[in-house]
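Taking it in order: structure first as structure tokens, then the write-up.
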């Protein structure tokens, strides 16, 4: 267990299309039908455990992001966090995929059902309050529309003296 007072950096990884190449709805529904012989039975995608079914989908990881993960994981001064828009009821499915690729995190955060960007920003706020000695926050995320909000959060927290540096790694699939 890492000591709160020793944490100097928080490394925050998104799940879908960032660390893991999960299927997107358009192609995923076609693949689902091809493998099961049935139409996709739901109106939604991201909140459904079937979208993470590793018996239907071959879910690989982004090797570049995994390399970044490996540079951070295991360091006593770095908290490695999974911060995903996936909802809590899918935590077992998400973690099964991560376990399959030998990816483990110090902390896992799943969306409470609200807007993903607001949820992630609220968790970032909680993390820098909990780990008050943190100096640097680094994120990996693929949602281009969220990036300016994360950058604004980083600038605001540097100006306010909450952290010394912030970096967002934009992952383009």
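Of all the numbered requirements in (1) part of a loop (DSSP other than H, G, I, E, B); (2) touching a residue at least 40 places away in the same chain (Cβ under 8 Å); (3) out of contact with any helix residue (DSSP H, G or I) (no Cβ under 9 Å at 6 or more places or on another chain), residue 105 misses one, and that requirement is (3).
Kindly indicate whether residue 29 is farther than 21 Å from residue 92 by Cα, modelled with pLDDT under 95, surrounded by 12 or more Cβ atoms within 10 Å (Cβ to Cβ) and more than 16 Å from the chain's Cα centre (by Cα). Full working, then the answer.
Details: farther than 21 Å from residue 92 by Cα: yes; modelled with pLDDT under 95: no; surrounded by 12 or more Cβ atoms within 10 Å (Cβ to Cβ): yes; more than 16 Å from the chain's Cα centre (by Cα): yes.
No.
Among what's in the stretch 74-90 and is in a loop (DSSP other than H, G, I, E, B) and touching a strand residue (DSSP E or B) at 6+ places or on another chain (Cβ under 9 Å), pick the residue that is surrounded by the fewest Cβ atoms within 10 Å (Cβ to Cβ). It would help to see each step written out before you state the result.
Filtering the stretch 74-90 down to residues in a loop (DSSP other than H, G, I, E, B) leaves 74-77.
The next check asks that each one be touching a strand residue (DSSP E or B) at 6+ places or on another chain (Cβ under 9 Å); those that pass are 74-75, 77.
Values: 74: 10, 75: 15, 77: 15.
Going through the qualifying residues, I end up with 74.
Between 107, 71, which is touching a strand residue (DSSP E or B) at 6+ places or on another chain (Cβ under 6 Å) and either at pLDDT below 95 or surrounded by fewer than 18 Cβ atoms within 10 Å (Cβ to Cβ) (or both)? Before the answer, list the steps.
Working: 71 fails: touching a strand residue (DSSP E or B) at 6+ places or on another chain (Cβ under 6 Å).
Result of the check over 107, 71: 107.
What number of residues within the stretch 158-173 are under 23 Å from residue 65 (Cβ atoms) and either touching a residue at least 40 places away in the same chain (Cβ under 8 Å) or not in a loop (DSSP other than H, G, I, E, B) (or both)? Matching residues across the stretch 158-173 total 8. Taking the criterion of being under 26 Å from residue 64 (Cβ atoms) and either in contact with a strand residue (DSSP E or B) (Cβ under 8 Å, 6 or more places away or on another chain) or modelled with pLDDT under 95 (or both), the residues of the stretch 114-127 that qualify are 116, 119, 120, 123, 124, 127. Scanning the stretch 49-58 for residues that are in a loop (DSSP other than H, G, I, E, B) and surrounded by fewer than 19 Cβ atoms within 10 Å (Cβ to Cβ) gives 53, 54, 55, 56, 58.
Residues of the stretch 108-135 that are in a helix (DSSP H, G or I) and under 27 Å from residue 21 (Cα atoms): 116, 117, 118, 119, 120, 121, 122, 123, 124, 127.
One line per residue, one yes/no per condition, for (1) touching a residue at least 40 places away in the same chain (Cβ under 8 Å); (2) within 26 Å of residue 122 (Cα to Cα); (3) over 19 Å from the mean Cα position of the chain (by Cα):
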site	(1), (2), (3)
41	no, no, yes
52	yes, yes, no
55	no, no, yes
69	yes, yes, no
78	yes, yes, no
95	no, yes, no
101	yes, no, no
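For the stretch 137-156, taking the residues that are in contact with a strand residue (DSSP E or B) (Cβ under 8 Å, 6 or more places away or on another chain) and surrounded by fewer than 18 Cβ atoms within 10 Å (Cβ to Cβ), the one that is farthest from residue 85 (Cα to Cα) is identified as 155. Against the list (1) within 22 Å of residue 67 (Cβ to Cβ); (2) assigned to a loop (DSSP other than H, G, I, E, B), the condition residue 138 fails is (2). Under the condition of being closer than 19 Å to residue 88 by Cα and touching a helix residue (DSSP H, G or I) at 6+ places or on another chain (Cβ under 9 Å), the residues counted in the stretch 117-140 number 5.
The values are calculated or read from the model by the stated rules, or taken from the named source; none is laboratory data. Bear in mind the structure is a predicted one, so any value in this text is a computation, not a measurement. Cβ sites come from the backbone with ideal geometry, for glycine too, and all protein chains shown count toward neighbours.
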